[in-house]
Structure formats: structure tokens, C-alpha cells
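Below: one structure, written as C-alpha cells.
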Amino acid sequence: MSNNEYRIEKDSLGEMRVPADALWGAQTQRAVENFPISNLRFPREFIAALGMIKRAAAETNADLGLLDAATRDAIVDSANEVIAGDLDSHFVIDIFQTGSGTSTNMNANEVIAHRAVQKQKGDAGGKIHPNDHVNAGQSSNDVIPTAMQIAACIAMRNDLVPSLEHLRASLLRKAAEFDHIVKSGRTHLMDATPVRLGQEFAGYAAQIDLSIERVVDAVRDLAELPLGGTAVGTGINTHADFPQQAIAKLTTATGVEFREARNHIERQGTRDTVVYAHGALNTIAVSMTRIANDLRWLGSGPRAGLAEITLPAIQPGSSIMPGKVNPVISEAVTMVAAKVMGNHTTITVGGMGSYFELNVMMPVMAHALLESISLLSASCRVMADKCVDGITANEDRIRELLEGNLSLATALAPTIGYDEAAAIAKQAFKEGKTARAVAMSRGSLPEAELDDVLDARKMTEPGIPGGGLMPGGG
């Protein structure tokens, strides 16, 4: 690197050579050189959250008489560029860095300070210092966890919840469309009493509905911010009114009802709120796996499987077998779920990295949390649009499997007793007959009563088929 390609920047440890066109300073450059570990960087949502915090801090400090108007305006203008993504190329530090995220906080401070000086053009109050001005009233130890929570709240509210609602609506449409179709239920992957295909889809929709409730609750918990606790949660070097006023500005800017931490020591010393929030995401991953697996099992075939439904054919399934179509959306969704579950392990271990007044695994936790939100949001929409919306029911196949279901004998038990019903089921299986045919041959019930008791549609609702008068009961 020639002398024309770099400039000299200083920090408390001495001089550093920094690329001439970089907005960052010495501390960021040290981190770039110290952590050449991966290509992973903080996502856009996190960088935007940092910008929001720095903007709110500058405005609040000015309101409290701690910053002059010109310095405030220059910082705010620069922070707005960070929020908009205009300066993303200057956020250059690896996720795997100091566990407090101090390097990334200083990256933001230095970028905003250098950009603010450029905006001032040297005529509005002198040099703007990354620590003294941009970081005023703050510490990395409250800024980074606050940024994690702000970014997650916004992503959950703006992306994940609408995506879950989109999938729920798709499932509910299919639940209504398929509500008249009675089919074999299955437990332990074995034949069980009847259920309506619409009921199955309504069950999937209920899983997503509960997922939305869990995410909303996670957002409520994450919205309690540690900002204002500074170094260890005591609020040293910040105005007593700073947290409340700055957090109010963040609420106005985002529409999320943020509030100050009830206990700053807890919010900075732990990341329990992130572990709790990712628990909701992990549960969604489990729910999505169940739904995706059910759909590909129900659509298995088309000749040698269940084939009760047909999934939309969206791409050829084999490079060697002509005409083969695979359940590719289910496969993609279950891979997303696997990644989210892996992230949950990272989050769990990261949460255990809390020692005394600080958690020291925040960068990797932030990355995992925001990645899970993004992956689940996208996969919900893909599942709805590319799979669920195009599902059709194969009613002839469903009827065929239902008629041969020996568990229909369950409906006879309240009237003829469990032992006789079991004998009918066993005989029907041995002879390859239906439960109804065997019950008729054994004279278990008169034909009209048998037809009523073995009405599969009635078996999909609460009640005792045939009135349930037990043998010997009068």
C-alpha cells in the first residue's frame, strides 16, 4: 500500500494505517486486522439499529444541553445515512470479534464521526469525536444489546409476523376447501379413526396462529431495552434522563413500544431475553417441520405412497428418472428448520456466556437471531405460495383408504364392547375385508344401526356413535 492509499489514524494504543477512502478509524482498523476469521458481517437490520441508537442519542444529548446543535445535526445526518444503508460498505468487522461487540460499536462511532466532519466541511464547531460526541452517554455494553433487541423487534414485527399470517391464511383457505373430505386419521403412522382433511389443515393453521402469539410475546419482552446502563448497568457517565428520552425517540422512529429496562444489570449482564425470543423461533421451526413432513407424506407416491393430496409440480425431480416430481418446498423448509435449530444451540450457548455484568457472546447471538428471523420469514411465504396454495385433494384415493381402515371398528366399541369390536378388526384384517362387512356377517348390529354407527363423517365430531348403549346396559 503506497502512502497515497492510506492515512494515519490514532487511538489510545497508538497509530494505525487506515485506507484513505475509509470512513472508519484506528479502532475499527485494529479489529479488521485482529479478526480475519470469516466472511460473516452484521446484517442490514443490525446496522440500521445502530444508526437509530446514535441518532436518538445525539438528539437526546442535545435536548439535555450536552451537545451543541451543529454537532447534533451533523451526527443525525450521518446516522440517517447509516440507517438508510448508504454507508454499509464501511461496516467491515467480522462477527467473530470481541464478545461485547465493542469493535462494531466503535466502527459505528468512527464512521458517523468521520462522515459528520465531512458534512460540517470544517466550519461548524470543529472535530467530532467518535467517543466524546457520537458515543456520548453510551457504552458498547448497552448499545450492542440494545441494537440486537431493536433489530429483532423490527424484523419480527415487519417481516416474520406478516409472513406467518400469510401462511396461516393459505392453510385456512385449504381447511375450508377440504372440510367435506373425510379420510383416515393416523397415529404412530398407523391407521386411526377418521378425520376430515380440512381438520388436518385447520390444525396446521392453529400451529401458525400460536406461533404468531409466541412471536408477539417475544417482541414484548425484547422491547425492554438496556440503553442508558452504560458500562455495567449503573448508568455512569450518562444523564439520568437520557435513557427514558432516547428510548422514547426510538419508539417514535420505529413504532415499536420500547421501554427502559426495569433492571439494567439484568438487561446487560444477561441475554436471557434473546434466548427466550429464539425459543419462539425454535418452536416455529419445529411446527414448520411437522407441517412440511405431513404434506410430503400425504403427497407421497403417486402410485406407491399415500397420494391423498397432490403437491404442485414446480420443477423436475430427477436428472435420470423422467417425470419424477419431488416435494422440494418441504425439503427446503425442513432445511431452514434445521438451520434455525442449530442457531438455537448457538443462542443457548451464547446466553451462557454471561459473566457478572456482561454477556461476551453478543455478536454471534445477534447474527444467529436475525438470521433465524429472516429464514423463517422467507420460508413461510415460499411454503404458502409455492406449495400450500396449489395443493389438491385426491378424493377417490382418500375414499379408498378410508373404506379399508380397520379403525372404523372403534365406533362400534361403545355399543358392542371393546372385545367384540377388536375381534371384528382382527378378522377383517385377516380376511382382507372391511370392518363393516365383518360386522354384518357376525350380526353384531342390525344393518340400519350399523350404517349409522359406521358413518365416518360423524366420527370426525365429538359424540358417541349410535348413542353408546353398552352391552348389558338395558
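The values are calculated or read from the model by the stated rules, or taken from the named source; none is laboratory data. All values derive from a computational prediction rather than experimental measurement. All Cβ positions, even for glycine, are placed from backbone atoms using ideal geometry, and neighbour counts span all protein chains on display. Ligands, DNA and RNA are excluded from the accessible area calculation, which covers all protein heavy atoms including side chains. Shrake-Rupley method; radii C 1.70, N 1.55, O 1.52, S 1.80 Å.
Table for the structure above
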quantity: Length gained when the stretch Ala437-Asp68 is fully extended (0.36 nm per residue, less Cα-Cα span); calculated: 123.7 nm
quantity: Using a Förster distance of 56 Å, the FRET efficiency for Asp455-Arg44 (Cβ separation, nearest 0.05); calculated: 0.45
quantity: Assigned charges on the beta-carbon of Lys, Arg, Asp, Glu; the stretch 88-228 dipole about Cα centre (debye); calculated: 300 debye
quantity: Accessible area of the stretch 418-458 belonging to carbon and sulfur atoms, whole % at 1.4 Å probe; calculated: 54 percent
quantity: Inter-site label distance for Thr234 and Ala304 at 7 Å from Cα along Cβ, in nm; calculated: 7.2 nm
quantity: Compactness of the stretch 268-334 as Cα Rg over 2.2 N^0.38 Å, two decimals; calculated: 1.61
quantity: Mean separation of Cα contacts under 8 Å, 6 or more apart, over the residue count of the chain: relative contact order %; calculated: 15 percent
quantity: GluC sites (Glu not before Pro) within the stretch 261-346: DSSP coil, no more than 11 neighbouring Cβ in 10 Å; calculated: none
quantity: R0 of 60 Å, Cβ-Cβ distance Phe96-Glu447: FRET efficiency to nearest 0.05; calculated: 0.20
quantity: Within the accessible area of the stretch 352-417 (1.4 Å probe), percent carbon and sulfur; calculated: 58 percent
quantity: Whole-number accessible area per residue in Å² for the chain, which is evaluated in the context of all protein chains at 1.4 Å; calculated: 45 Å²
quantity: Computed label-point distance, nm, for sites Ala378 and Glu177 using a 7 Å Cα→Cβ extension; calculated: 2.6 nm
quantity: Estimated distance in nm for a label pair at Gln118 and Glu403, the labels positioned 7 Å out from Cα along Cα-to-Cβ; calculated: 7.6 nm
quantity: Positive-pole candidate from Asn105, Val143, Ile154, dipole of the stretch 76-177, charges at beta carbon; calculated: Ile154
quantity: For Gln199, net neighbour charge (Lys/Arg +1, Asp/Glu -1) across residues whose Cβ lies under 12 Å away; calculated: +1
quantity: R0 of 41 Å, Cβ-Cβ distance Ile320-Asp221: FRET efficiency to nearest 0.05; calculated: 0.20
quantity: Cβ crowding within 10 Å averaged over residues, with 442-453, 14-25 ranked highest first; calculated: 14-25, 442-453
quantity: P(r) histogram, all alpha-carbon pairs of the chain included - 10 Å bins from 0, percent; calculated: 4, 17, 21, 17, 13, 11, 8, 5, 3, 1, 0
quantity: Label zone at Leu210 (point 7 Å along Cα-to-Cβ), backbone N below 18 Å, the stretch 294-334; calculated: 294-295
quantity: Debye-sum result for the stretch 1-88 in log10 I(q)/I(0), which assumes one identical scatterer on each alpha carbon, at q = 0.25 Å⁻¹; calculated: -1.14
quantity: Pairs of Cα atoms farther than 18 Å apart, the stretch 112-238, %; calculated: 71 percent
quantity: Hydrodynamic radius of the stretch 73-169 per Kirkwood, over alpha carbon pairs, in Å; calculated: 15.1 Å
quantity: Full-stretch length increase - Lys430, Ala169 - with 0.36 nm per residue and alpha-carbon distance subtracted; calculated: 89.6 nm
quantity: Protein-only accessible surface order, largest first, of Val438, Val161 at 1.4 Å; calculated: Val161, Val438
quantity: Apportionment of accessible area to carbon and sulfur, the stretch 90-168, percent (1.4 Å); calculated: 47 percent
quantity: Sparsely packed chymotrypsin sites (Phe, Trp or Tyr not before Pro) within the stretch 345-437, loop by DSSP, other Cβ within 10 Å at most 13; calculated: Phe356
quantity: Cα-based convex hull volume of the stretch 294-427 per residue, rounded to whole Å³; calculated: 213 Å³
quantity: Unit charges on C-beta of K, R, D, E only; dipole of the stretch 268-325, Debye; calculated: 180 debye
